[in-house]
Each structure stands twice: as structure tokens, then as C-alpha cells.
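The values are calculated or read from the model by the stated rules, or taken from the named source; none is laboratory data. All values reported here derive from a predicted model rather than from experimental measurement. Every residue, glycine among them, receives a Cβ derived from its backbone with ideal geometry; neighbour counts consider all protein chains shown.
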Amino acid sequence: MARADLQIDLDAVTANWTALDAMSGPATETSAVVKADAYGLGAEAVGSALAAAGVRTFFVALAEEGAKLREAVGSGPRIAILSGLMPGDADLLRRFNLTPCLNSSEQVYDFVNLLPDHSCGFQVDSGMNRLGLEAAELADCIERFPSLAPAFVMSHLACADEPGHPMNAAQHAAFAALSAMTGLARRSLAATGGILLGPDFHHDLTRPGVGLFGGLPFREAKPVVTLALPVIQVRDVAAGEAVGYGAAWTAPAPCRIATLAAGYADGLIRAMGSGRISLFAGDTPCPLVGRVSMDLITVDVTALPDVPPMLEILNRHQTVNDLAHAAGTIGYEILTSLGNRYARTYRGGAL
Ligand SMILES: *Cc1c(COP(=O)(O)O)cnc(C)c1O
């Protein structure tokens with residue numbers, strides 16, 4: 001049987017980066033955030049395509065992710081580690097030339113001891129209370145280590161996907177005060193949502209992630225993923241017969257049901273079940289009916305004269321944002337849940 005095929009359009013990824021770079025403005029560098037294996041799409045392929053398109057700074061969450069990415073993108077780009085300097089990571093940071101975003105006094109002290117001649121950035125907390133140095137810690141570190149020169153100072157917005165939220169202005173002001181303490185370091189506040197908030201939020205460096213991969217809040221993004229699932233079996237079901245676990249769906253009329261080889265173990269979140277989404281044969285939608293099982297879904301294909309060997313669940317008609325809406329979650333979670341049983345194939349990129 002054919003394997004489920006997750007196609008990733010690298011030209012769409014680089015087009016999305018180019019669009020976000022244009023919005024960021026000519027005085028601002030646009031980086032790329034490729035943590036969690038480029039939001040599930042494969043950091044090596046995505047990273048190489050973005051480096052070829054002109055990305056000079058990448059962000060990942062963990063040192064191990066940085067080491068892998070370094071092998072894909074070569075020695076040129078800066079690779080910054082959002083979790084900073086974690087215990088045991090100094091060798092990896094040195095060996096792969098990774099730049100930790102230092103998040104606490106403790107990380108700054110460790111850095112000065114373990115990696116005195118290495119590059120670093122500072123992450124400051126402008127109000128999200130998740131990661132980053134607070135004002136008093138930052139002042140203390142600057143006083144203790146006056147020669148420590150971070151390459152950049154960054155912070156992260158909690159509510160950038162809600163342009164009217166008062167947190168945005170509050171964090172902008174807090175970041176202005178904190179970053180002023182670090183002298184000449186380049187400043188970075190905006191991820192995808194922050195870029196869309198406008199030039200006040202762009203500073204010297206922007207950090208888009210989800211927008212590169214077709215996720216909201218970047219509405220104009222080109223869709224990046226196509227996911228086709230193999231049909232295992234097709235059966236005729238009489239009116240009144242039930243389909244799937246819990247007998248949760250009953251055929252209202254005679255119909256044909258196709259059973260496909262993917263389920264919630266592959267990231268098809270169970271909450272997106274019965275009637276909320278479709279599978280596509282070309283442009284023809286066929287509703288998913290019954291509950292999502294671990295490895296299987298069932299689809300009403302009555303509308304199709306012939307059932308093709310594969311049906312699409314992600315394409316230009318139905319994006320990660322639509323699946324997220326149906327499942328009551330966000331595009332980020334749909335992307336990072338895309339299963340390891342899918343064969344990932346790539347289109348485009350500078351191959
Ligand atoms: C994940 C992340 C980003 C990218 O955010 P998107 O909303 O995906 O654009 C940027 N900065 C930090 C600190 C992050 O954790």
C-alpha cells in the first residue's frame with residue numbers, strides 16, 4: 001500500500017519568508033524560527049531552502065536542534081538557541097557555534113564561566129513571564145560583566161495575534177526600557193504576529209515562525225503542506241447503519257464509506273471528527289464521518305464516481321488553519337502534530 005504522503009512546498013516557505021521580510025522593512029533583518037523540526041516539516045530541508053533564500057539568522061529551541069541545523073545550513077548563518085545555556089550544553093554550543101539567548105542571571109554566570117569568548121544574546125522578560133531576564137537581573141549582569149556584549153537583546157509578545165490587546169503596547173514600552181540598558185545590542189521583539197502589528201514593533205530583527213509555514217495570523221501566507229492519505233477499503237453502507245467507534249455516526253441514506261490509513265496517532269486530532277472537515281478527491285470534498293480512530297478515519301465518498309487510491313486532507317482547499325479551527329486548536333499544534341509515519345517529500349527549494 002502507498003504510504004501517506006506529506007508534501008512540503010519549499011518555494012511556498014521561501015515566498016512566505018520573502019513576504020514577511022518585505023513587511024519587516026529594509027532596515028530590519030528577518031530571521032527564521034525553525035524550532036521543533038521547523039514546526040514538524042523538517043528543519044534540514046526547510047533550513048537549507050531558507051538559507052539559500054537569504055536567511056542569515058535562525059532560531060531553534062534546543063541546542064540539539066541547533067547542532068542538527070548547523071550541519072544543514074553550513075557555517076555562515078547565526079543559529080540562536082531560545083532556551084539559552086542549559087546545564088551540559090556548553091560543549092555543543094562551542095562545537096557547533098550556537099548562540100545562546102541567555103534567560104536568567106544563572107545562565108549569564110554560567111556563560112561567563114564556561115564560554116567566555118563565545119557569542120550570546122540576551123532574552124528579557126517584557127511581561128509574558130515565561131523566559132527572560134527581569135530588569136533587576138539585567139542591571140546586575142551588566143554591572144558585574146561590563147565587557148559582555150550580547151549580539152542582540154530580544155523579548156517575546158504574549159498577545160501579538162490580537163492587535164488591539166493592551167499587552168502589546170505595555171510590552172513594547174517595557175522592552176524599550178529594558179533594551180536601552182544593553183547599549184548597542186540589536187533589538188528584536190516581533191514574531192509573525194508582531195510583524196503584522198506594524199513598523200513600531202520591527203526594531204532591528206524580526207523572528208517569524210508559523211507564518212513561514214502557512215499558519216495564522218499571517219492570512220496572506222501561501223499554503224505549504226499537502227497531505228494525501230491512502231484508501232485501504234471502500235464499502236457500501238445501508239441507511240441506518242452506524243460507522244466507527246461509539247456508533248457515533250449513522251448513515252442517513254445508502255452511502256459509500258472509504259477507510260483511510262491515518263488517525264490521531266498521526267496528528268489527526270480526534271476532536272476534528274464527524275462532519276467538521278473533508279477529504280478531497282481533486283476539488284471534490286468528501287466529509288469525514290464517524291470518530292477518528294488511532295490509525296484510521298472513515299470518509300463518505302458517495303459523491304465520487306471512482307474512489308482514487310489517495311484522498312487529500314491538507315491542500316489549497318483545506319489548510320492547517322481549517323483543521324485547527326475544526327479541532328478547537330491552533331495551526332501551530334496541527335503542524336507540530338503531523339505524524340512521523342508520513343513520508344515527507346519536498347518540492348522546490350534551491351536544489
Ligand atoms: C516560537 C517563537 C517565535 C516564532 O513565533 P511565531 O508565532 O511562530 O512566528 C519567535 N520568538 C520566540 C521567542 C518563540 O518562542
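Leu311: within 16 Å of the ligand (Cβ to nearest atom) and under 17 Å from Ala4 (Cα atoms), yes or no?
Details: within 16 Å of the ligand (Cβ to nearest atom): no; under 17 Å from Ala4 (Cα atoms): yes.
When the stated conditions are applied, Leu311 does not pass them.
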Pairs only if they're at least six apart or on different chains, beta carbon under 6 angstrom, first in region 252-275 and assigned by TED's automatic domain parsing to the domain that holds Leu288, second at pLDDT 95 or above and of a type in the set (S, T, N, Q); list them, first residue then second.
Cys255/Thr302; Arg256/Thr302; Ile257/Thr298; Thr259/Gln233; Thr259/Thr298; Gly263/Ser293; Gly267/Ser337
Count of residues meeting criterion [among the basic types (Lys, Arg) and in contact with a helix residue (DSSP H, G or I) (Cβ under 8 Å, 6 or more places away or on another chain)] in region 221-267:
1
Search result, residues across region 249-265 that are part of a helix (DSSP H, G or I) and either under 15 Å from Gly275 (Cα atoms) or not hydrophobic (A, V, I, L, M, F, W, C) (or both):
Tyr264
Which of the residues spanning region 325-351 are in contact with a Leu (Cβ under 8 Å, 6 or more places away or on another chain), more than 17 Å from Ala262 (Cβ to Cβ) and of a type outside the set (Val, Ile, Thr)?
Gly331, Tyr346, Arg347, Gly348, Gly349
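Say whether the condition of being in contact with a strand residue (DSSP E or B) (Cβ under 7 Å, 6 or more places away or on another chain), modelled with pLDDT of 95 or more, farther than 27 Å from Ala90 by Cα and among the small types (Gly, Ala, Ser) is met by at least one residue in region 159-167. Outline the logic, then answer.
Kept after step one, since they are in contact with a strand residue (DSSP E or B) (Cβ under 7 Å, 6 or more places away or on another chain), are these residues of region 159-167: none.
No, the conditions are met nowhere in region 159-167.
For region 223-255, which positions are touching a Phe, Trp or Tyr at 6+ places or on another chain (Cβ under 8 Å) and farther than 20 Å from Leu311 by Cβ?
Step one: filter region 223-255 for residues touching a Phe, Trp or Tyr at 6+ places or on another chain (Cβ under 8 Å), giving 224-225, 227, 242-243.
Of everything in region 223-255, just one residue is touching a Phe, Trp or Tyr at 6+ places or on another chain (Cβ under 8 Å) and farther than 20 Å from Leu311 by Cβ, namely Ala242.
Taking the conditions exactly as written (within 18 Å of the chain's Cα centre (by Cα) and among the aromatic types (Phe, Trp, Tyr)), does Phe59 satisfy them or not? Spell out the reasoning first.
On the way: within 18 Å of the chain's Cα centre (by Cα): yes; among the aromatic types (Phe, Trp, Tyr): yes.
Answer is yes for this residue.
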Identify, by number, the condition in (1) of a type in the set (Gly, Ala, Ser); (2) away from the ligand (no atom under 12 Å from the Cβ); (3) closer than 25 Å to Gly194 by Cβ that Ala38 doesn't meet.
(2)
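Which residue out of Ala151, Ala173 is farther than 30 Å from Gln7 by Cα, more than 16 Å from the ligand (Cβ to nearest atom) and not charged (D, E, K, R)? If you could, list the steps in order and put the result at the bottom.
Details: Ala151 fails: more than 16 Å from the ligand (Cβ to nearest atom).
Of Ala151, Ala173, the one residue that is farther than 30 Å from Gln7 by Cα, more than 16 Å from the ligand (Cβ to nearest atom) and not charged (D, E, K, R) is Ala173.
Can you name every residue in region 52-80 that is small (Gly, Ala, Ser) and closer than 22 Å to Leu102 by Cβ?
Taking region 52-80 and keeping what is small (Gly, Ala, Ser), we get 52-54, 61, 63, 66-67, 72, 74-76, 80.
The answer is Ala61, Ala63, Gly66, Ala67, Ala80.
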So which residues in region 204-231 are within 11 Å of the ligand (Cβ to nearest atom) and not in a loop (DSSP other than H, G, I, E, B), if there are any at all?
Leu205, Thr206, Val210, Gly211, Leu212, Phe213
Flag for Leu115 being under 22 Å from Thr182 (Cβ atoms) and in the same structural domain as Ile142 (by TED's automatic domain parsing):
yes
Please enumerate the residues belonging to region 234-280 that are under 22 Å from Tyr342 (Cβ atoms) and surrounded by fewer than 13 Cβ atoms within 10 Å (Cβ to Cβ).
Ala271
Pick out, from region 278-335, the strands (runs of 3 or more DSSP E) lying fully within it that include 1 or more residues that are farther than 14 Å from Gly267 by Cβ and without any contact (Cβ under 8 Å) to a residue 24 or more places away in the chain.
284-289
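Within the group Ser179, Ser188, which residue is modelled with pLDDT of 95 or more, within 12 Å of the ligand (Cβ to nearest atom) and over 17 Å from the mean Cα position of the chain (by Cα)? So that I can check it myself, show each step before the final result.
Numbers: Ser179 fails: within 12 Å of the ligand (Cβ to nearest atom).
After applying the criteria, what remains is Ser188.
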